[in-house]
Amino acid sequence: MRLALDEAAGAGADVPVGAVVLAPDGTTVLAAGHNEREAGGDPTAHAEVLAIRRAAERLGEWRLTGCTLVVTLEPCTMCAGAIVQSRVDRVVYGARDEKAGAAGSLWDVVRDRRLNHRPEVVEGVLADECAHLLTEFFRDR
């Protein structure tokens, strides 16, 4: 999670969310990303989507079976869909997103029994630090 927090700090004008994809060994970082919606003018440039794309590119494979996605904020519905489609096995997140979260708070897309893949979800890792980064960002706005 510390790597994801470091990544979030580089988001500039974007909401500071960072994500890291770990290889099946749980220690090798395959890819990282932070929100780049403002920087690139791309509404899909969320940290999770960018990290997933980069990990798939690095592996040369769209299936991220065995991989873990670590993200500072609970994924939204778009990111939850990308997580399910990429076959990530585990999602670890810090702060809950009561307004748009799709991994247990508002919705639970990633564990919906109707879908063909349901990753394990671990929530609340360094939650206070992750939330503080977001609170400071919006306070300055």
Scanning the stretch 13-44 for residues that are of a type in the set (V, I, T), assigned to a strand (DSSP E or B) and under 16 Å from A82 (Cβ atoms) gives V20, V21
Within the stretch 45-62, restricting to residues that are farther than 19 Å from A9 by Cα and assigned to a loop (DSSP other than H, G, I, E, B), the one that is most open to solvent (accessible area, probe 1.4 Å) is W62
Handout entry: R37 vs. criteria open to solvent by 60 Å² or more (accessible area, probe 1.4 Å) and within 22 Å of T135 (Cβ to Cβ)
Key = yes
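Within the stretch 105-115, does at least one residue satisfy the condition of being of a type in the set (S, T, Y) and closer than 22 Å to P43 by Cα? Explain how you work it out, then say what you get.
Looking only at the stretch 105-115, we keep the residues that are of a type in the set (S, T, Y), and these are 105.
So of that shortlist, the ones also closer than 22 Å to P43 by Cα come out as none.
Looking through the stretch 105-115, none of the residues is of a type in the set (S, T, Y) and closer than 22 Å to P43 by Cα.
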Kindly evaluate D108 against the criterion of being over 20 Å from T28 (Cβ atoms) and among the charged types (D, E, K, R).
yes
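Table: residues versus (1) on the phi > 0 side of the Ramachandran plot; (2) over 9 Å from the mean Cα position of the chain (by Cα).
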| residue | (1), (2) |
| --- | --- |
| D42 | no, yes |
| H46 | no, no |
| L59 | no, yes |
| G66 | yes, yes |
| T72 | no, no |
| G81 | no, yes |
| Q85 | no, yes |
| D89 | no, yes |
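Residue under question is C79, and the condition is that it be over 19 Å from T28 (Cβ atoms) and either in contact (Cβ under 8 Å) with a residue 40 or more places away in the chain or buried (at least 24 other Cβ atoms within 10 Å of the Cβ) (or both); does it hold?
Values: over 19 Å from T28 (Cβ atoms): yes; either in contact (Cβ under 8 Å) with a residue 40 or more places away in the chain or buried (at least 24 other Cβ atoms within 10 Å of the Cβ) (or both): yes.
In short, yes.
Residues that are of a type outside the set (A, V, I, L, M) and in contact (Cβ under 8 Å) with a residue 40 or more places away in the chain: does the stretch 93-104 have at least one?
We begin by selecting, within the stretch 93-104, every residue of a type outside the set (A, V, I, L, M); these are 93-94, 96-99, 101, 104.
From the residues that got through so far, the ones that are in contact (Cβ under 8 Å) with a residue 40 or more places away in the chain too are 94.
Yes, the conditions are met somewhere in the stretch 93-104.
Evaluate the stretch 79-99: report whether one residue or more is among the β-branched types (V, I, T) and either more than 21 Å from N35 (Cα to Cα) or touching a Phe, Trp or Tyr at 6+ places or on another chain (Cβ under 7 Å) (or both). Steps first, please.
Residues of the stretch 79-99 that are among the β-branched types (V, I, T), as a first pass: 83-84, 88, 91-92.
Next cut, either more than 21 Å from N35 (Cα to Cα) or touching a Phe, Trp or Tyr at 6+ places or on another chain (Cβ under 7 Å) (or both) only: none.
Looking for residues that are among the β-branched types (V, I, T) and either more than 21 Å from N35 (Cα to Cα) or touching a Phe, Trp or Tyr at 6+ places or on another chain (Cβ under 7 Å) (or both), one finds none in the stretch 79-99, hence no.
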When restricted to A95, A31, the only residue open to solvent by less than 50 Å² (accessible area, probe 1.4 Å) and farther than 17 Å from E123 by Cα is A31
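The values are calculated or read from the model by the stated rules, or taken from the named source; none is laboratory data. All values derive from a computational prediction rather than experimental measurement. Using ideal geometry, Cβ is built from the backbone for each residue, glycine included, and neighbour counts are taken over all protein chains shown. The protein model used for the area step is the full one, side chains on, heavy atoms only, and it has no ligands, DNA or RNA in it. Shrake-Rupley method; radii C 1.70, N 1.55, O 1.52, S 1.80 Å.
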